[in-house]
Amino acid sequence: MAYQTVNPNDGKVLKSFGKLSDPQLEKSLDEAQSCFQSWKHTSYAERAAIVNKAAALMRSHVDDFARLATLEMGKRIDEARGEVKFSVDILAYYAEHAETFLAPTKLHPKVGEAHMESSPFGVLFCVEPWNFPFYQLARVAGPQLMAGNVLVVKHAGCVPQCAIAFEQLWTDAGAPQGAYTNLLISHEQSERIIDDPRIKGVALTGSVAAGKSIAAKAGQNLKKTSMELGGSDAFIVLDDADLEKTIPWVVLGRMYNAGQACCAAKRFIVLDSIADKFLEKFKAALSALKPGDPMDEKTTHVPLSTEAALVQLLKQVEDAVTNGATLVVGGKRIDRPGSFMETTILTDFKPGNPAFRDEFFGPVVLFFRVKDEAAAIALANDSDFGLGGSVFTRDEARGKRVASSIDTGMMFINNIDWSDAELPFGGIKYSGYGRELGNMGIQEFVNKKLVRTAHLDAPA
Ligand code: NAP
């Protein structure tokens, strides 16, 4: 993909960037490698000073970063500000806790004494998506720099200015050359980077297709990977749910980031006795959203990130209907400049409709009516994905029981999939493996070394 800023609100091409030449790429990898040789010996306090400085700089320029995200991928400006503030929180969280998370842990062997200690892998290659152009970068940069690793990062083609701004942040924070490097590179160059012996681990957040390709390449090189991929999260509404409280969550769960979140609520599974009322209220709430410029705080319905994303989503809806689904509302592009999609509800999925297994990355609701709790659980689990999910009920114990029965990496009771710096994020099945955030996130790319002391005579 080309590196280009195209405003999805009007389709105007604003800026284009050339890709890195092979010699420039070679120089970047060399700098990263040589930076690691000294960075790995810095103390946690020295690393924290730089990571905290980056957090402080971001905090004092929230609006500048947010406007870049909105310009390049069209998210609502308020959501963009929220994303930047959350990125700050993630950096500060790891600056504060990394030393504790990576402290040696004592073991208790029958003979002698032993402990586990943690040391950084080296240069990591991170491939990141456009949908949260700063948060995704903070999710790797915060923990991995604090762990003593250094990063070379390939961001998505449609957010080059966000990618460059985040690299500049590290320079401004005083990070040494090579600690965090943004690479404007092709997929082919990316493959060569994975082969390169200077690279010691690979982290991807992106689609299943990218995951299969990048994990396969890394596998050939026996390099550790973490994969944060797509999702088709179930939003289960049990018959005792408080609909007045649930509907605002439903709208946020599907429409946050214009529906372009891996962990967005995508399949709405509602118990029969309240299904009609739920659908009526959901439809009404969606129809109240008004399309407009994402830079305008009053706008409630924004464009998709790119024209290509819109074309793909329209085709998915068309295919779903061709294969038997019923279109309740929406299904078309909005008649105005920019890449806007109508809020859309699909229902009546017949067995074998391929759309049933698809990830719909935008404002499209897949609605399912089921007879009881067991059917809701079975349907939620009938997915190739396993990222997150929600259960809404007045009965907390029932919510926990249902949550425990769903095969995903995360479940949320009476709220939506949401990440916090201290909570591990990730999935199973086609949603990938490994975790980001929390204590688990910093453990992904460190060597866990056993050190044992036992003063024994060798057996004769
Ligand atoms: P994508 O096409 O996979 O792109 C993501 C990143 O991977 C981009 O930087 C892209 O670069 C790069 N890429 C794709 N194929 C590649 C290849 N063969 N070699 C090297 N780099 C490659 O994903 P997307 O459709 O833009 O993003 C949305 C997807 O990400 C959704 O499926 C969503 O669910 C998932 N996601 C998951 C999480 C999570 O934490 N689980 C979070 C956010 C998003 P180019 O732009 O240059 O192609």
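The set of residues in region 254-277 that are in contact (Cβ under 8 Å) with a residue 24 or more places away in the chain and over 29 Å from the mean Cα position of the chain (by Cα) comprises Leu271, Asp272, Ser273, Ile274, Ala275, Lys277. The criterion of at least 1 residues that are touching a Pro at 6+ places or on another chain (Cβ under 7 Å) is met, among strands (runs of 3 or more DSSP E) falling completely within region 305-373, by 344-347.
Applying the selection to region 26-60, what residues are under 20 Å from Leu184 (Cα atoms) and within 26 Å of the chain's Cα centre (by Cα)? Answer for region 26-60, where residues must be under 20 Å from Leu184 (Cα atoms) and within 26 Å of the chain's Cα centre (by Cα): Ser28, Leu29, Ala32.
Just one residue in the set Phe268, Phe235, Phe278 is out of contact with any Asp or Glu (no Cβ under 7 Å at 6 or more places or on another chain), within 16 Å of Val370 (Cβ to Cβ) and assigned to a helix (DSSP H, G or I); that residue is Phe278. Taking region 212-245 as the search range and keeping residues that are in contact with a helix residue (DSSP H, G or I) (Cβ under 8 Å, 6 or more places away or on another chain) and under 14 Å from Lys281 (Cα atoms), which one is farthest from the ligand (Cβ to nearest atom)? Restricting to residues being in contact with a helix residue (DSSP H, G or I) (Cβ under 8 Å, 6 or more places away or on another chain) and under 14 Å from Lys281 (Cα atoms), the top hit is Leu243.
Which one of these does Phe125 not meet: (1) within 16 Å of the ligand (Cβ to nearest atom); (2) touching a strand residue (DSSP E or B) at 6+ places or on another chain (Cβ under 9 Å); (3) part of a helix (DSSP H, G or I)? It fails just one condition, (3). Residues being farther than 20 Å from Gln136 by Cα and buried (at least 23 other Cβ atoms within 10 Å of the Cβ) are represented in region 408-419 by at least one member.
Contact annotation: residue pairs with Cβ atoms under 9 Å, 6 or more positions apart or on different chains, pairing a residue in region 301-315 that is closer than 14 Å to Gly74 by Cβ with a partner that is away from the ligand (no atom under 14 Å from the Cβ) and of a type in the set (Val, Ile, Thr), are His301/Ile334; His301/Thr343; Val302/Thr70; Pro303/Ile334; Leu313/Thr344. Out of the residues in region 178-211 that are among the aliphatic types (A, V, I, L, M) and part of a loop (DSSP other than H, G, I, E, B), state the one that is farthest from the ligand (Cβ to nearest atom). Within region 178-211, the match that is farthest from the ligand (Cβ to nearest atom) is Ala179. Condition (residue is assigned to a loop (DSSP other than H, G, I, E, B) and either within 16 Å of the chain's Cα centre (by Cα) or within 16 Å of the ligand (Cβ to nearest atom) (or both)) applied to region 86-94: is it met by at least one residue? No, every residue in region 86-94 fails to be assigned to a loop (DSSP other than H, G, I, E, B) and either within 16 Å of the chain's Cα centre (by Cα) or within 16 Å of the ligand (Cβ to nearest atom) (or both).
Against the numbered list (1) within 11 Å of the ligand (Cβ to nearest atom); (2) in the same structural domain as Glu244 (by TED's automatic domain parsing), Asp395 comes up short only at (1).
When region 246-269 is filtered for residues that are more than 14 Å from the ligand (Cβ to nearest atom) and among the hydrophobic types (A, V, I, L, M, F, W, C), the ones remaining, listed by number, are Ile247, Trp249, Val250, Val251, Leu252, Met255, Phe268, Ile269.
Of all residues in region 393-443, those satisfying the criterion of being out of contact with any strand residue (DSSP E or B) (no Cβ under 7 Å at 6 or more places or on another chain) and among the basic types (Lys, Arg) are Arg394, Arg398, Arg401. A residue that is part of a helix (DSSP H, G or I) and in contact with a Phe, Trp or Tyr (Cβ under 7 Å, 6 or more places away or on another chain) can be found somewhere in region 35-56. I'd like the residue in region 1-28 that is within 14 Å of the ligand (Cβ to nearest atom) and closer than 14 Å to Pro337 by Cβ and, out of all such residues, is surrounded by the most Cβ atoms within 10 Å (Cβ to Cβ). The selected residue is Pro8. Scanning region 268-283 for residues that are surrounded by fewer than 23 Cβ atoms within 10 Å (Cβ to Cβ) and under 14 Å from Phe367 (Cβ atoms) yields Leu271, Asp272, Ile274, Ala275, Asp276, Lys277, Phe278, Leu279, Glu280, Lys281, Lys283.
Restricted to region 287-344, and to residues that are of a type in the set (Lys, Arg) and away from the ligand (no atom under 16 Å from the Cβ), which residue is nearest to Val251 (Cα to Cα)? My answer is Lys290. Taking the numbered list (1) surrounded by fewer than 22 Cβ atoms within 10 Å (Cβ to Cβ); (2) in a loop (DSSP other than H, G, I, E, B); (3) away from the ligand (no atom under 12 Å from the Cβ) in turn, Ala175 passes all entries but (1).
Restricting attention to region 145-164, the residues that are within 16 Å of the ligand (Cβ to nearest atom) and either at pLDDT below 95 or not charged (D, E, K, R) (or both) add up to 13. For region 336-343, the criterion of being more than 30 Å from Val13 (Cα to Cα) and assigned by TED's automatic domain parsing to the domain that holds Thr306 is satisfied by no residue at all. Picking from residues in region 360-383 that are of a type outside the set (Ser, Thr, Tyr) and within 16 Å of the ligand (Cβ to nearest atom), the one that is surrounded by the fewest Cβ atoms within 10 Å (Cβ to Cβ) is Phe360. Restricted to region 79-127, and to residues there that are under 22 Å from Leu204 (Cα atoms) and of a type in the set (Phe, Trp, Tyr), the residue that is surrounded by the fewest Cβ atoms within 10 Å (Cβ to Cβ) is Phe86.
The values are calculated or read from the model by the stated rules, or taken from the named source; none is laboratory data. Being a predicted model, the structure only gives us computed values, none of them experimental. All Cβ positions, glycine included, derive from the backbone under ideal geometry; neighbour counts span all protein chains shown.
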